[in-house]
Amino acid sequence: MKKFLVVFAVLVFVGMSSMALAADLSLGGTAQLRSRWFDNMTYNKDAAASSSKRTVDTQERVQLDVNVKSGDAVKAKVAIWKDFDTWGRLESNQANLPNLSYNGDPGFLSLREAWVSVNLPGIPVNVTGGHQLLMLGQGYFFRSMHFGSDAWVVANVTGPNTAAFVNIKAYEGNSGLASDDIDAYVLLDVFKLNENMVLGVDLTNIKIRSSVTTTAPAPYSTVLKVDGLPLEALAGTDLLNLGVNFTGKVGPVNLKAEVDMQSGKIDHATGTDPKFKGMQAVVLGNVALNPVTVNFMVGYGTGPKAGDTDIKFIVPVLDVDPHYTFMYEYKLATACGAKNTGLCNTTVASAGAMFAATKNLKIGADLYYLKATQKVTNGQGDQSTELGTEIDAKVQWQLYDGLSWNWDFGYFAPGKAYKTAAGKSDAALGAQGVFALKF
């Protein structure tokens with residue numbers, strides 16, 4: 001067995017050496033340890049401890065990146081990873097369990113990225129195909145930057161203008177059928193107004209085919225969680241999202257903005273066809289006042305009203321990472337009833353600052369005021385828009401080049417909308433530290 005392993009290793013390195021003759025090959029990656037402590041997630045500090053109330057664990061993530069470049073025209077990347085997984089959960093039996101990485105299970109090696117990018121000869125067109133990290137605008141409607149998505153991206157760059165077509169395979173049912181898939185098609189254009197301002201527009205069409213009969217693997221089912229419906233209830237969805245985004249600097253203020261408006265319908269076999277009518281808007285900014293950077297955010301997303309026959313809440317397609325708050329939206333059920341729903345039925349205003357204490361240490365905090373755009377029903381049957389307030393603190397510590405230890409701390413004080421059946425609305429708390437080496 002040892003002789004076999006030696007021969008195998010020699011063959012691998014010989015193969016890599018042969019590839020290097022035709023292309024530049026580089027290796028990178030990351031090793032991360034994540035410490036987590038979340039408490040009182042049920043808003044009742046007197047409740048018995050459970051996984052839904054308290055989480056305390058240490059997790060590990062490893063990733064190896066292989067980057068290939070052949071001249072100026074061809075690039076490729078393969079990123080193999082094991083996403084954050086709790087210590088001692090699966091390490092002892094990985095070898096004899098099936099690979100379940102397709103549904104986001106972090107306990108197994110899987111591909112985070114696997115794509116090839118080429119500039120076509122003779123014409124100003126770039127084609128990138130494979131599993132890749134994707135985001136539209138500022139990432140408040142569509143963001144797939146954690147697990148990635150299978151997609152084709154065809155782009156043309158002409159002077160200050162970039163136009164692209166994107167085809168995303170969100171869910172594959174029976175591989176022999178096209179009528180039980182979830183697909184997304186995107187047309188986008190990004191124009192550089194000047195050295196400090198960029199304006200973008202994108203039109204996305206999401207189709208959930210009429211014969212979809214099962215729940216899609218995470219994270220693609222996130223889009224379906226906003227009203228708690230299973231996939232089969234949304235079969236026949238034809239959703240259009242028109243997004244406009246801006247990135248630029250106005251005087252001393254760095255600004256980002258995004259507006260999304262949705263239309264389309266769900267084509268039901270019988271009865272009425274609900275129409276999509278949601279919209280959202282967000283503005284983010286910061287001002288650097290060395291050694292302090294001041295930041296702010298204002299966001300609005302439509303929500304459902306009692307008795308609505310149409311879908312008037314914004315429907316986002318987002319990954320599992322934080323999108324603005326550390327507790328609300330990332331770890332708690334939002335006003336749309338699930339995590340990772342962005343600005344769905346949420347109106348938010350925030351202000352904060354980051355202080356560069358030393359060259360390698362930054363400390364900051366943000367205060368968020370949160371309201372439900374439309375009233376939600378709490379555990380006592382009362383309706384309210386008062387979601388609560390949140391204070392998030394951050395510590396970013398760069399120990400050495402490539403080695404960091406960053407911490408997030410969150411305190412969410414729930415409002416009347418989160419009052420439990422027991423009449424409780426106790427604060428939820430959380431802390432998360434990531435000790436990360438990038439190489």
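Report, in listed order, any pair from Lys256/Lys305; Lys265/Lys305; Lys77/Lys438; Lys207/Lys265; Lys275/Lys416; Lys339/Lys438 with a Cα-Cα distance greater than 20 Å.
Lys256/Lys305; Lys275/Lys416; Lys339/Lys438
Full extension of the chain segment joining Leu437 with Thr55 gains 135.1 nm, where the gain is 0.36 nm per residue of separation less the Cα-Cα distance. Whole-Hz Karplus values for region 118-130 come out as 9, 8, 5, x, x, 9, x, 10, 10, 10, 10, x, x Hz, taken residue by residue from phi with 6.51 cos²θ - 1.76 cosθ + 1.60 and θ = phi - 60°; glycine and proline positions read x.
What FRET efficiency do you get for Lys45 and Val298 if R0 is 30 Å and r is their Cβ-Cβ distance, rounded to the nearest 0.05? Before the final figure, lay out the partial values.
Details: r = 32 Å, r/R0 = 1.06.
About 0.40, to the nearest 0.05.
Restriction of the trypsin sites (Lys or Arg not before Pro) in region 303-337 to DSSP coil positions whose beta-carbon has at most 11 other beta-carbons within 10 angstrom yields no sites.
Volume per residue for region 23-438 equals 170 cubic angstrom (convex hull of Cα atoms).
Run the quick spin-label model on Ala349 and Ala421: label points 7 Å from Cα toward the beta carbon, then report their separation in nm to one decimal. It is 3.6 nm. Scalar couplings 3J(HN,Hα) for region 183-196, obtained by applying the Karplus form with A = 6.51, B = -1.76, C = 1.60 to θ = phi - 60°, are 10, 10, 10, 10, 10, 9, 9, 10, 10, 8, 5, 7, 5, 10 Hz; x denotes Gly and Pro. Working note: Karplus 6.51/-1.76/1.60 with θ = phi - 60° gives region 402-408 the couplings x, 10, 10, 9, 10, 10, 10 Hz, where Gly and Pro are set to x. At full extension, Thr30 and Leu403 could sit 133.3 nm farther apart than now, given 0.36 nm per residue minus the alpha carbon distance.
How long is the gain from Leu199 to Lys275 if the chain were fully straight, where each residue apart is worth 0.36 nm and the alpha carbon distance is subtracted?
Full extension from Leu199 to Lys275 adds 24.5 nm.
Seen from every direction in turn and averaged, the convex hull around the alpha carbons of region 262-402 projects onto 11.1 nm².
If R0 equals 35 Å, the separation of the Cβ atoms of Ala306 and Lys69 corresponds to a calculated FRET efficiency of about 0.05.
We did not get these values from a lab; they are worked out from the coordinates using the rules stated. Computed from a predicted structure; not experimentally measured. Note: ideal-geometry Cβ built from the backbone for every residue, glycine included; neighbour counts use all protein chains shown.
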